[in-house]
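Bear in mind that the values in this text are calculations on the coordinates, not laboratory data. Everything numeric in this text was worked out from a predicted model, so none of it was measured. No Cβ is skipped: glycine too gets one built from the backbone with ideal geometry, and neighbour counts run over all protein chains shown.
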Amino acid sequence: EIRVTPYRLAAHLSCAFATYSLLLWTGIDVLHYPNTARNNGNGSAVRELAQSMSTEMMNCAKKFRRGAAVVTGLTALTVVSGAFVAGNDAGNAYNTFPLMDDQWIPINDMIDPAIQPPYLNVFENTAAVQWNHRLLGCTTAASAISLSAIGMFHPAYRAILTPQVLRGTLAVGSIAVGQVSLGIMTLLQYVPISLAAAHQMGSLVLLSSGIYLVHGLRYAAPHMLRSASVLTAPQVVPKLGPAARRVGGMVMSPAKSGIYKV
């Protein structure tokens, strides 16, 4: 029987998902280029949107973007933990939910003295690997559903949703429900290949929707906020003294030996 170590499997899957994520972000950037490009020398549509928001709205947008980034990060971490489940065949044990061997935390099974050093139980122990994936999967689903509910039903957050963000919010919440349901079904059915493949594909779809959502909230990104604040900040023009003279767009003041942009 040919087997791949869980570490190499997780590394290979992580590289594949990372490459896909970068390509997806770049592709969305290209599709939305008209909104980010400068318009006749003026600021881009995204920058103008950031400038038009009040402080309260922008604070909500920043919080929502951080929440979307956390959900997307949790999704990626859950995908990596799923690779260890597959590499250790951990899905073929403890095929009940939510309990594992009639326990919430089968602590005695999660620590195998034969595995040294002990911290390797997290990656090589069947019970520990599956419990970690359950915990991460449920946490990711709960976070995604909560984020979607806040965006859809909280008036302050609903007000800052653009069409792209609204689509991403709905996608993250609905796909998370389907993905966690599919994962439970896969476990209860002793991991048939068809359900296992569908579950892995579902993780890719959920990660894609998270990336799409974070990209849609780029008007609340730190670099965009800094750019918007610079454009809206009042310009200070120094008073010209009697000895000052203008030279090629510069104001030169011999009295202060200073040069100021105008």
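Brief remarks on what is shown
- Here the Karplus curve 6.51 cos²θ - 1.76 cosθ + 1.60, taken at θ = phi - 60°, turns the phi angles of the stretch 145-160 into couplings of 5, 5, 4, 5, 5, 4, x, 7, 10, 7, x, 5, 7, 4, 5, 9 Hz, with x standing for Gly and Pro.
- Glu48/Ser174 FRET efficiency (R0 35 Å; Cβ-Cβ; nearest 0.05): 0.70
- ³J(HN,Hα), Karplus 6.51/-1.76/1.60, whole Hz, each residue of the stretch 216-224, x for Gly, Pro: x, 8, 5, 5, 9, 6, x, 5, 5
- Other residues whose C-beta falls under 11 angstrom from the C-beta of Tyr94 contribute a net charge of -2, scoring Lys and Arg +1 and Asp and Glu -1.
- Using the alpha-carbon positions of the stretch 113-195, Rg (one decimal) and Dmax (whole number) come out as 17.7, 56 Å.
- Scattering curve values for the stretch 36-117, log₁₀ I(q)/I(0), Debye with Cα scatterers, q = 0.22 Å⁻¹: -1.15
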